[in-house]
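All of the numbers you see were taken from the coordinates with simple rules; none came from a lab. All figures in this text were calculated on a predicted structure; none of them were measured in a lab. Backbone-built Cβ (ideal geometry, glycine too); neighbour counts: all protein chains shown.
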Ligand SMILES: NC(=O)c1ccc[n+]([C@@H]2O[C@H](COP(=O)([O-])OP(=O)(O)OC[C@H]3O[C@@H](n4cnc5c(N)ncnc54)[C@H](O)[C@@H]3O)[C@@H](O)[C@H]2O)c1
């Protein structure tokens, strides 16, 4: 119960890695605001947490919107009496290089993956200070370091998340620790869709993974709990790579 008595907000918690993080936070004793653009996925996460005996509330909203971000933070403060842990997990992927990525698509990737963190954090930080401090976990990716062809906007956005994390850690120390997670390939809708469209992609992604298998959402959630909890009390401004060895070569 490493998050006993804490209130947490997880964005993009209606699917994949975000759902696993919200569930794991709740299992560790936190009351969790499950925030997602997509209501039915978020509701399913809330139901999963409630069935397991945890506390969760749904906040449907878009991390790109200031009003929605403010409402997500308010759901924690009003529903659970404060905010101690924020996981900025919501993210979107995109294929293309600088010549084939449309300007609107480039902006969408940066608006969700980078601006979304700014948008939620600017309301969360004052609430966390009010609660006596806390921990922010941003979702980066191994794509910040291990780039590939035709995933340019995504790689650039995740590189920005790593640097944004360091800058936030400087700004808000010592009350708030800010770290990011850099997962390797995990089977979620984000990569299952492309794998269905491109039959060779699954073998290519598996080839990156030294452990010979995809990661699970729970393996990423375990690392998120570590960064969110007092076990990581001396860790800030860092990127924790959880990638089955993908960046070892
Ligand atoms: N799956 C992987 O292999 C992998 C690897 C490295 C990093 N990541 C990162 O992990 C995070 C979660 O990815 P996932 O694989 O679980 O993907 P996913 O597509 O399963 O889940 C993403 C969730 O974010 C929500 N979302 C998207 N845009 C949003 C917005 N504007 N506002 C609020 N919610 C929004 C979606 O509705 C969805 O529920 C992302 O930041 C992704 O970049 C994933």
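Packing, as the average of other Cβ atoms within 10 Å across residues, places the peptides 80-88, 223-231 in the order 80-88, 223-231, highest first. Comparing 96, 159, 184 in a Gaussian network model of the chain, where Cα atoms under 10 Å apart are tied by springs, the biggest mean-square fluctuation is seen for 96.
Once you order the gyration tensor axes a ≥ b ≥ c over the Cα atoms, which shape class does the range 206-249 get: rounded for a/c under 1.5, otherwise prolate or oblate by comparing a/b with b/c? Mind dumping the intermediate values first?
On the way: a/c = 4.26, a/b = 1.90, b/c = 2.24.
It is oblate, given that a/c is not under 1.5 and a/b is not larger than b/c.
Per-residue ellipticity at 222 nm for the chain, helices alone: DSSP H runs ≥ 4 residues times -39500 (n - 2.57), over residue total, nearest 500 deg cm²/dmol? Kindly include the intermediate steps, with their values, before the conclusion.
Working: 9 runs with 113 residues, N = 249.
The helix-only estimate for the chain comes to -14500 deg cm²/dmol at 222 nm.
Computed from Cα atoms, the angle from the helix 116-130 axis to the main principal axis of the chain rounds to 20 degrees.
Computed from Cα positions, the angle between helix 66-80 and the longest principal axis of the chain comes to roughly 50 degrees.
Springs between Cα atoms under 10 Å define the GNM used for the chain, and in it the highest mean-square fluctuation of 98, 73, 125 occurs at 98.
Counting other Cβ atoms within 10 Å as a rough exposure proxy, the listed residues 196, 103 run 103, 196 from fewest neighbours to most.
Relative to the dominant Cα principal axis of the chain, helix 217-228 is inclined by about 50°.
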